[in-house]
Amino acid sequence: MFDREYVEDMACTDEVDRAIIDELHHAGPYGILPRDVASRLKEYRLKPWNVTQRIRHMNKKLNRLMGQKAADFNSKLHEIGVQLK
């Protein structure tokens, strides 16, 4: 199992990615729409499309490095063996 910090270090490129992962984590198993993530992270001036692109980028990076995804297209955070504390 990988801890949360390890996965964030592998997938996230900046604090915006980390903020998106935090929002996905707080959404729980039901997920959250990219437009809702963008509205909660107003300080970064994201559009829903930007949130989706960043999730895709993190998924590609994790898939390349570990063979697993961080989130699906419903913006649900996968547990991928990650202890989210």
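Here, each number is a calculation from the coordinates, and none is a lab measurement. Everything numeric in this text was worked out from a predicted model, so none of it was measured. Reconstructed Cβ throughout: ideal geometry from the backbone, glycine too, with neighbour counts over all protein chains shown.
For the range 59-66, putting each phi into the Karplus relation 6.51 cos²θ - 1.76 cosθ + 1.60 with θ = phi - 60° gives couplings of 5, 4, 5, 5, 5, 5, 8, 10 Hz, in residue order, rounded to whole numbers and with x for Gly and Pro. Distant-in-sequence amide contacts of Ile32, defined by a placed amide H-H separation under 5 Å and a gap of 5 or more residues or a different chain, comprise Lys76.
Between Asp36 and Arg56, the FRET efficiency estimated from the beta carbon spacing at R0 = 25 angstrom works out to 0.90.
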